[in-house]
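Trainee: Have a look at the structure that comes next, please.
The values are calculated or read from the model by the stated rules, or taken from the named source; none is laboratory data. What you see is a predicted model, and the numbers here were worked out from it, not measured in a lab. Protein only, heavy atoms only, side chains kept; ligands, DNA and RNA dropped before computing areas. Shrake-Rupley method; radii C 1.70, N 1.55, O 1.52, S 1.80 Å.
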Amino acid sequence: MCRFIETVCLKDGEVRNLPYHNARLNATRRHFFGDVPEIDLASFIHATGKAGRTRCRVTYSGQVAGVEYFPYHIRPIRRLRMVEADGVDYHYKYADRTVLDKLLELRGEADDVLIVQNGLLTDTTFTNIALWDGAKWFTPARPLLEGTKRKLLLDQGLLIPEDIPAHGVVGCYQSICLFNAMIDFGEVVLPCEGILG
């Protein structure tokens, strides 16, 4: 049976973006398990009272199977390597990340890979991305995984979805921002010139 995860950020003990996590979890459950009652993760996630960031990992299938809490620190990302991965499907947040781990092995001296599908940028192995052209932030219209933070930023009008060809990144964009449920937008920003082809 497939298992899935939701990674939820607790910042200074407060649960962040819970409606977006609930929406994705319940959409995944409906897709794989049919007409199942909605789950509200507020019933399963409890404020830790700890300062800083805590990563809450919710594992589920038809029902919630487990909730774990881990201290979180942003790992340094300085360089990305583009990797072609046309056959990879990670539209749902599977607990089994073997396919992403295999892509990460191709990073060489970089810290992570920038996944390219059909000539277009998608995501890294653990973040959504956005690119700055000097005036606006653009995010791939067809990401590998539709992240909850990405959905929030789109709803707020801060990102513009667009097909971003891998071959034109360095000439068209200045910076790339990596973000996810645990990493706030703007915390990890790299120059596009540092992307390895």
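Trainee: Would you mind calculating the relative contact order of the chain from Cα pairs under 8 angstrom and at least 6 residues apart, reporting the percent as a whole number?
Mentor: This gives 20 percent for the chain.
Trainee: Using θ = phi - 60° and the Karplus curve 6.51 cos²θ - 1.76 cosθ + 1.60, what whole-Hz ³J(HN,Hα) does each residue of the range 33-38 get, with Gly and Pro shown as x?
Mentor: Whole-Hz 3J(HN,Hα) from phi for the range 33-38: 10, x, 7, 10, x, 5.
Trainee: Continuing with the same structure: How much of the accessible area of the chain, probe 1.4 Å, is carbon plus sulfur, in whole percent?
Mentor: 51
Trainee: May I pose another question? Write down, largest first, the equivalent ellipsoid semi-axes of the range 1-79 in whole Å, where each equals the square root of 5 times an eigenvalue of the alpha-carbon gyration tensor.
Mentor: Numbers: eigenvalues 121, 45, 22 Å².
Semi-axes (√(5λ), whole Å): 25, 15, 11.
Trainee: Could you derive backbone 3J(HN,Hα) for the range 9-21 from the dihedral phi with the Karplus parameters 6.51, -1.76 and 1.60 (θ = phi - 60°), listing whole Hz in sequence and x where the residue is Gly or Pro?
Mentor: Listing the rounded values in order: 8, 10, 10, 6, x, 9, 6, 9, 6, 4, x, 6, 5 Hz.
Trainee: Enumerate the amide H contacts of residue 114 below 5 Å, restricted to partners 5 or more residues apart or on another chain; note that Pro and chain-start residues carry no placed amide H.
Mentor: Those qualifying (amide H under 5 Å, at least 5 residues apart or on another chain) are 81, 82, 83.
Trainee: Taking only the Cα atoms of the range 42-197, how large is their convex hull per residue, in Å³?
Mentor: Hull volume over Cα atoms, normalised by residue count, gives 130 Å³.
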